[in-house]
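Visitor: Take a look at the following structure, please.
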Amino acid sequence: MKALIQPVRLDDEKSELIVLDQTLLPGKVEYLHLTTQESIWEAIYKLQVRGAPAIGIAAGYGVYLGAKASAATTYEEFVADFNQSKDYLASSRPTAVNLFWALDRMAKRLETEKDQSVPELKAALLQEANQILADDETVCQRIGEYGAELLADGMTILTHCNAGAIATSGFGTALAPVYVAQDKGLTISVYADETRPLLQGARLTAWELVESGIDTTLICDNMASIVMKEGKIDAIFVGCDRVALNGDTANKIGTSGVAILAKHYGIPFYVCAPMSTIDIECKTGDDIQIEERPGAEITDMWYETPMAPAGVKTYNPAFDVTDHRLITGIITEKGILKPNYEESISNIFALV
Ligand code: MRU
């Protein structure tokens, strides 16, 4: 399988978080060398690092770097410094649960190391952050293998936003089945929604798929219906930022519209979800906080002159929730969950 670009890694010697600046793609492949908590927060907020799993990985390393700089000499002082960094990074984006999941995982690790010296605590946090990254790679591979079982040679899928390699430390979630299928010698084609307003589909998904030699067709978001109607799409694969206990799923704005269209045209709609993206504390999608971003992303982003009249009102929710009744299956690293999701999710978390 083709080696893909790593969006986040740590240079521990230099205490730098090295992040592929995804806002510059596809024109420039440039890496940021982040050393301060503020620059890591900003990289997450500005979507220089983005995609739920990659945000989690960045947060894990971010909180480690914050704690590494601590001058504390006791466990209590160290935990206070750690918590300050944790709370700060947690305020960068609200919807992708992986951010909070990774920070909580780091906090839990700290708690289990209570009796250790401060240097040992720092080493344990580094190990945990590295493990978050390593686990994600395995998770992507498994999701890819389960998802690839749904694909046959010559099939065409549609995807929305970017849930590919650059959103994870592995081969992605929604795109992993395509890469695994390609590795098995199958030819799979992909239609990529451009994904307004920030164009993750055009700039990122199309870029990484073309780089990987996958047959890719880019469409504007409002063309999804016609390609489905024309029979060009066999299945939809999308990623997610948070899955509620009943299977309602938050993903990039526009995903729910794609799911509604898929239902209308009788096309299977799959959500690819690491277990770390399932939030059993959210009973339904109504409990998921939807990030609202500046209107300038709609009016001013891509041309030198504004794309809309000055002073026009905007509304820019970054995610929407797809009703669980529209989802054919949720592909996790532990297998493909089927409705009733409340039951299948409870079973997989052994809640019953
Ligand atoms: O705002 P973004 O670009 O971070 O949104 C990303 C998505 O919606 C992805 O589909 C999701 O995070 C899954 S990435 C494997």
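The values are calculated or read from the model by the stated rules, or taken from the named source; none is laboratory data. Just so it is clear, the model here is predicted, and its values are computed rather than measured. Here the Cβ is made from the backbone with ideal geometry for all residues, glycine too, and neighbour counts use every protein chain on show.
Visitor: Which residue is nearest to LEU158 (Cα to Cα), if the candidates are limited to segment 243-261 and must be within 16 Å of the chain's Cα centre (by Cα) and hydroxyl-bearing (Ser, Thr, Tyr)?
Guide: Only one residue fits best here, namely THR255.
Visitor: Quick check on ALA202: is it crowded, with 24+ Cβ neighbours inside 10 Å and over 22 Å from MET275 (Cβ atoms)?
Guide: no
Visitor: A further question on this structure: Name the residues in segment 269-283 that are more than 12 Å from the ligand (Cβ to nearest atom) and farther than 12 Å from THR159 by Cα, would you?
Guide: MET275, ILE278, ASP279, ILE280, GLU281, CYS282, LYS283
Visitor: Looking at GLU42, GLU38, GLU13, GLU77 in this structure, which one is more than 30 Å from PRO177 (Cα to Cα), surrounded by fewer than 18 Cβ atoms within 10 Å (Cβ to Cβ) and within 16 Å of the ligand (Cβ to nearest atom)?
Guide: Going through GLU42, GLU38, GLU13, GLU77 in turn, just one is more than 30 Å from PRO177 (Cα to Cα), surrounded by fewer than 18 Cβ atoms within 10 Å (Cβ to Cβ) and within 16 Å of the ligand (Cβ to nearest atom): GLU42.
Visitor: Regarding segment 134-146, can at least one residue be identified that is surrounded by fewer than 18 Cβ atoms within 10 Å (Cβ to Cβ), more than 30 Å from ILE188 (Cα to Cα) and modelled with pLDDT of 95 or more? Let's see the steps before the verdict.
Guide: Looking only at segment 134-146, we keep the residues that are surrounded by fewer than 18 Cβ atoms within 10 Å (Cβ to Cβ), and these are 134, 137-138, 141, 145.
From what is left, the residues that are more than 30 Å from ILE188 (Cα to Cα) are none.
Scanning segment 134-146 turns up no residue that is surrounded by fewer than 18 Cβ atoms within 10 Å (Cβ to Cβ), more than 30 Å from ILE188 (Cα to Cα) and modelled with pLDDT of 95 or more.
Visitor: Would you be able to tell me the number of residues in segment 173-201 that are closer than 30 Å to TYR303 by Cβ and either within 10 Å of the ligand (Cβ to nearest atom) or not in a strand (DSSP E or B) (or both)?
Guide: Within segment 173-201, residues that are closer than 30 Å to TYR303 by Cβ and either within 10 Å of the ligand (Cβ to nearest atom) or not in a strand (DSSP E or B) (or both) number 10.
Visitor: Given the conditions (1) away from the ligand (no atom under 16 Å from the Cβ); (2) at negative phi, and given that GLY154 satisfies all but one, which numbered condition is not satisfied?
Guide: All conditions pass for GLY154, except number (2).
Visitor: Collect the residues in segment 290-316 that are loosely packed, with under 15 Cβ neighbours inside 10 Å, in a loop (DSSP other than H, G, I, E, B) and touching a strand residue (DSSP E or B) at 6+ places or on another chain (Cβ under 9 Å), keeping them in residue-number order.
Guide: TYR315
Visitor: From the list ILE280, ILE298, ILE336, ILE345, exactly one residue is under 21 Å from GLY172 (Cα atoms) and modelled with pLDDT of 95 or more. Which is it?
Guide: On inspection, the qualifying residue turns out to be ILE336.
Visitor: So if I check each of GLY254, GLY285, GLY266, which one is at positive phi and touching a residue at least 40 places away in the same chain (Cβ under 8 Å)?
Guide: GLY254
Visitor: Can I ask one more? Any residue at all in segment 299-312 that is within 16 Å of the ligand (Cβ to nearest atom) and under 18 Å from HIS160 (Cβ atoms)? Before you say what the answer is, go through the steps one by one.
Guide: Initially, segment 299-312 is screened for residues within 16 Å of the ligand (Cβ to nearest atom), giving 301-302.
Narrowing further to those that are under 18 Å from HIS160 (Cβ atoms): none.
No, the conditions are met nowhere in segment 299-312.
Visitor: GLU211 is checked against (1) within 16 Å of the ligand (Cβ to nearest atom); (2) farther than 24 Å from LYS334 by Cβ; (3) surrounded by fewer than 20 Cβ atoms within 10 Å (Cβ to Cβ) and fails just one. What number does that condition carry?
Guide: (1)
Visitor: Ok, one more. Does any residue of segment 158-172 turn out to be modelled with pLDDT of 95 or more, within 20 Å of ILE267 (Cβ to Cβ) and not in a loop (DSSP other than H, G, I, E, B)?
Guide: So far as segment 158-172 goes, yes, one or more of its residues are modelled with pLDDT of 95 or more, within 20 Å of ILE267 (Cβ to Cβ) and not in a loop (DSSP other than H, G, I, E, B).
Visitor: OK, next. Among the residues of segment 184-211, which ones are charged (D, E, K, R) and either closer than 16 Å to GLY154 by Cβ or not assigned by TED's automatic domain parsing to the domain that holds MET155 (or both)?
Guide: LYS184
Visitor: Select from segment 217-243 the residues that are under 27 Å from GLY56 (Cβ atoms) and of a type in the set (Val, Ile, Thr) and write down the one among them that is surrounded by the most Cβ atoms within 10 Å (Cβ to Cβ).
Guide: VAL243
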